[in-house]
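Following: one structure in structure tokens, then a few remarks.
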Amino acid sequence: MSTQRPKGLIVLGIESSCDETAAAVLVDGELRSNVIAGQKVHEHWGGVVPELASRAHQEAIVPVVHGALEGAGISRDDMDVVAFTRGPGLMGALLVGTCFARSFAQALGIPMVAVDHLQAHVMAHFIRDGSGRPTPEFPFLNLTV
């Protein structure tokens, strides 16, 4: 982990709405790391099985968050806020992410922010990721399916 805390707001984002467990670290709006764990357990069933998804999130969430922090070179004590998906999504899967985010934030004494999954898809275009990709200007049109 870094010995010097980066300048700017440090956000840990947690996503668990369906069959992927994800965590990302942003520093002042710039993506520093993004870790995603997929769930191959559903392949046998030909689609997502909600209970299996919830169990897989329970197994993956701690390593995914640790990976995101490590990838960003950030200590958990550097976090300013935890953001998590509140829905829409699979209830059990969302519950795993919500419980982890709340526990993590409470343990660190930092605020948490519930994020609407669909609104996040729209606003993700504004995350700076070093790709040089231009961001939309308001007003803009977005189709989310």
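The values are calculated or read from the model by the stated rules, or taken from the named source; none is laboratory data. Just so it is clear, the structure is predicted and the values come from calculations on it, not from any experiment. Cβ coordinates were reconstructed from backbone atoms using ideal geometry, including for glycine residues, and neighbour counts include every protein chain displayed.
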> Scanning region 118-145 for residues that are in contact (Cβ under 8 Å) with a residue 40 or more places away in the chain and touching a Leu at 6+ places or on another chain (Cβ under 9 Å), which turns out surrounded by the most Cβ atoms within 10 Å (Cβ to Cβ)?
Replying inline: ILE127
> Got a sec? Which of GLY71, GLY89 is in a loop (DSSP other than H, G, I, E, B), of a type outside the set (Lys, Arg) and within 16 Å of the chain's Cα centre (by Cα)?
Replying inline: GLY89
> If GLY130 passes every condition in (1) closer than 18 Å to ILE14 by Cβ; (2) at pLDDT below 95; (3) touching a strand residue (DSSP E or B) at 6+ places or on another chain (Cβ under 8 Å) but one, which one does it miss?
Replying inline: (1)
> Mind checking which residues of region 98-117 are surrounded by 11 or more Cβ atoms within 10 Å (Cβ to Cβ) and of a type in the set (A, V, I, L, M, F, W, C)?
Replying inline: CYS99, PHE100, ALA101, PHE104, ALA105, LEU108, ILE110, MET112, VAL113, ALA114, VAL115
>> Being of a type in the set (S, T, N, Q) and either touching a helix residue (DSSP H, G or I) at 6+ places or on another chain (Cβ under 7 Å) or within 17 Å of ALA24 (Cβ to Cβ) (or both) is the filter here; which residues of region 106-121 pass it?
In response: GLN119
>> Within region 34-43, take every residue that is of a type outside the set (Lys, Arg) and over 10 Å from the mean Cα position of the chain (by Cα) and give me the one that is surrounded by the most Cβ atoms within 10 Å (Cβ to Cβ).
In response: GLN39
>> Looking only at region 16-48, count every residue that is free of Cβ contacts under 8 Å to residues at least 24 places away in the same chain and in contact with a helix residue (DSSP H, G or I) (Cβ under 6 Å, 6 or more places away or on another chain) and tell me the total.
In response: 2
>> So, in region 92-145, how many residues would count as being assigned to a helix (DSSP H, G or I) and of a type outside the set (A, V, I, L, M)?
In response: 14
> Which condition number does ALA56 fail, the rest of (1) modelled with pLDDT of 95 or more; (2) buried (at least 17 other Cβ atoms within 10 Å of the Cβ); (3) not basic (Lys, Arg) being met?
Replying inline: (1)
>> Go through region 1-28 and report how many residues are in contact with a His (Cβ under 8 Å, 6 or more places away or on another chain), in a loop (DSSP other than H, G, I, E, B) and at pLDDT 95 or above.
In response: 2
> Would region 49-59 turn up any residue that is farther than 12 Å from SER16 by Cα, touching a residue at least 24 places away in the same chain (Cβ under 8 Å) and among the β-branched types (Val, Ile, Thr)?
Replying inline: no
> In this structure, is GLY46 farther than 22 Å from PHE100 by Cα and either polar (S, T, N, Q) or over 19 Å from the mean Cα position of the chain (by Cα) (or both)?
Replying inline: yes
